[in-house]
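Structure record follows, encoded as structure tokens.
The values are calculated or read from the model by the stated rules, or taken from the named source; none is laboratory data. This structure is a prediction, so every number in the text was calculated from the model and none was measured. Note: ideal-geometry Cβ built from the backbone for every residue, glycine included; neighbour counts use all protein chains shown.
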Amino acid sequence: MDLSKPLDHDGQLSIFTTKSPEGLDLVRHDAAHIVASVVQRLYPGTQVTIGPTTDDGFYYDFARDKPFTPEDLEAIERAANEEIRKDLPFSRSEVTREEALALFGELGEKFKLEIIEDIFAKGARSLSLYRHGDWVDFCLGPHGPSTGRVGVIKLLSVAGAYWRGDHRNAQLQRIYGTAFFTQKELDAWVTQQEEARKRDHRKLGKELDLFAFHPAAPGAVFWTANGTMLFTTLQAAMRRMCLANGYIEIKTPLLYNKMLWEKSGHWGKYRENMFLILDPEADPTLPEEERASISLKPMNCPSHHLFYEMKRRSYRELPLRLHTQDVLHRNEATGVLSGLTRVRQFQQDDAHIYLMESQIADEVARLTKLIAKVYDAFGLSFVAKFATRPEQKIGDDALWDKAEAALRDALEQTGLAYELKPGDGAFYGPKIDFDVADSIGRKWQLGTIQLDYNAPERFDLGYIGSDNASHRPVVIHRAIYGSFERFIGILIEHYAGNFPVWLAPEQARLLPVSERHHAWAEEVAGKMREAGLRVEIDRSHGKLGAMIRDAQLAKIPYALVLGDKEVEARGVSPRKHGTGKEADLGLMPLEAFLTQITAEAEIPY
């Protein structure tokens, strides 16, 4: 709500300011309106459609026959920032369906008319309008008091879009932009974006030969030898940590009949994101949706519930911690696929913990410590966020009240500071999300702890208590990396491809100066491999400078020069990845170097 909307019911009052996390989103919403008004003033006849905020700014979709040029964007940006300086008030009013249709009909806004009809068809009684100057749009709000509260607007790009995201509809032009309270904040963001482009995991993944994509398998990754080593190293690290903390690793099928998804609630709430398989024995005259009877699993939880109920369980087994790294599939739209961060086929470091209510606080405390340990190993700071029931949910409010109270109490007992995310829980339960900040300050949502009272009810899960009676367990869903694919994409950018020794696909490269030094190179490689290290020999027979440069470009942690003095001393001359004299460690006995690199190669969690 904004200051101009009347208070018509009781509630808790809090004020957003420029220091509030919501404040930046609000001014970007203001900025979208400002940009739309400027576009229509500079380019008469342009129709407006929608203009939401995004994680980094906002966009607005326009219907215009002539494409916007870079010069147009510059002109729009200048005019938008002039609009800020005018400090025009945002004024709010409400209109009926008839008044809204008359207003936007007179303005010739056919796309707006279509949205208005949809809004009132869904039961709305009125529509809120926001004006600044002589421009008007309908909008839920909120907005700031005036355009002057927006600090600075920067337009980023223009791209094609389709009305309502459907390629059968009219093609639109989407102008992307961002806004900040100050020029200093904008400059810092621009610098961050420039650094992010250098670190783009799609670019580095190709340069470092980690992964590839092919149109024959959209949304699925081809992992090279280097990428597979990176992937399996992370798998092994998580597997080792889980084993040391009382988890049992299992594997479950990939295909399930729809009766499982109906039981779990996914068939009703998540079906559009699932890869459905048609039953070949079904009536071919039926619609495809009715002939679909099997799906690839988009998540592991329902299969783990089946696994749990296959045996009679005792309270002595609880908490029962089931860990898996199975392949999952989600039917993401082609347009949202993006490198490793948005794919259709992926694996998670997934776990489901079955426990008694009395064990919730202790288990949440254990999990937050494990999550902190893993993120600390990568130098990732994090913020915990408590997410409550969403609008689309399963289970009654009494069960949700119980789950939210239990998880919030457990979180508060850990002593972790947290932020509230109202309405952002999973459809089956509240959750604690962990948002990490990478080396250049970008935020990523990674780990999650989700408390589920609904699944045990839906699957009729039970355990025999100490009183020899049957009781209902609760379930905690947890992930730390999230998906391996997305986590690896984040790590590539976080490290800019300069992985620590323990994680690097190739930990050291041996550089024999000439043919006569190859025998010593083979012996060194053998000893390093015996120590469990990943090492290769440069067999290019090139000049030493070129071999060092190749190792640098490949971002290999150590390049070991092997020449006459190294052979004579039975040693190596390590050069750490980087530049400057400090990168050259000088001649070292092989055993001394092995001690050093072996310590660095230890998995830190």
Residue ranges of helices (runs of 4 or more DSSP H) in the stretch 257-365 with at least 1 members surrounded by fewer than 16 Cβ atoms within 10 Å (Cβ to Cβ) and in the same structural domain as Gln445 (by TED's automatic domain parsing)
301-309
Looking only at the stretch 474-494, decide whether some residue is surrounded by fewer than 19 Cβ atoms within 10 Å (Cβ to Cβ) and either out of contact with any helix residue (DSSP H, G or I) (no Cβ under 7 Å at 6 or more places or on another chain) or outside any helix (DSSP H, G or I) (or both).
no
Any residue at all in the stretch 398-409 that is part of a loop (DSSP other than H, G, I, E, B), touching a residue at least 40 places away in the same chain (Cβ under 8 Å) and touching a strand residue (DSSP E or B) at 6+ places or on another chain (Cβ under 9 Å)?
no
In the stretch 163-180, the residues that are modelled with pLDDT of 90 or more and within 25 Å of the chain's Cα centre (by Cα):
Arg174, Ile175, Tyr176, Gly177, Thr178, Ala179, Phe180
When you scan the stretch 536-556, do you find a residue that is under 30 Å from Leu370 (Cβ atoms) and touching a helix residue (DSSP H, G or I) at 6+ places or on another chain (Cβ under 8 Å), even just one?
no
Working only within the stretch 547-560, note down all residues that are closer than 11 Å to Arg509 by Cβ, of a type in the set (A, V, I, L, M) and surrounded by fewer than 22 Cβ atoms within 10 Å (Cβ to Cβ).
Met547, Ile548, Ala554
Positions within the stretch 358-389 being in contact with a Phe, Trp or Tyr (Cβ under 9 Å, 6 or more places away or on another chain) and within 21 Å of Phe459 (Cβ to Cβ), in sequence order
Arg389
Checking Arg458 against (1) at pLDDT below 95; (2) not assigned by TED's automatic domain parsing to the domain that holds Leu407, the condition it does not meet:
(2)
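Using the structure shown, decide if Pro6 is more than 23 Å from Gly177 (Cβ to Cβ) and either basic (Lys, Arg) or surrounded by fewer than 13 Cβ atoms within 10 Å (Cβ to Cβ) (or both). Show your work before the answer.
On the way: more than 23 Å from Gly177 (Cβ to Cβ): yes; either basic (Lys, Arg) or surrounded by fewer than 13 Cβ atoms within 10 Å (Cβ to Cβ) (or both): yes.
Criteria met by Pro6.
A quick yes/no check of all residues on (1) at pLDDT 90 or above; (2) surrounded by 18 or more Cβ atoms within 10 Å (Cβ to Cβ); (3) of a type outside the set (Lys, Arg):
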{"position": "Ala80", "(1), (2), (3)": "yes, yes, yes"}
{"position": "Leu101", "(1), (2), (3)": "yes, no, yes"}
{"position": "Asp118", "(1), (2), (3)": "yes, no, yes"}
{"position": "Pro142", "(1), (2), (3)": "no, yes, yes"}
{"position": "Val150", "(1), (2), (3)": "yes, yes, yes"}
Name, by its number, the condition in (1) in contact (Cβ under 8 Å) with a residue 60 or more places away in the chain; (2) over 36 Å from the mean Cα position of the chain (by Cα) that does not hold for Thr49.
(2)
Given Ser93, Ser37, which one is in contact (Cβ under 8 Å) with a residue 12 or more places away in the chain, surrounded by fewer than 17 Cβ atoms within 10 Å (Cβ to Cβ) and either assigned by TED's automatic domain parsing to the domain that holds Ala121 or more than 20 Å from Leu156 (Cβ to Cβ) (or both)?
Ser93
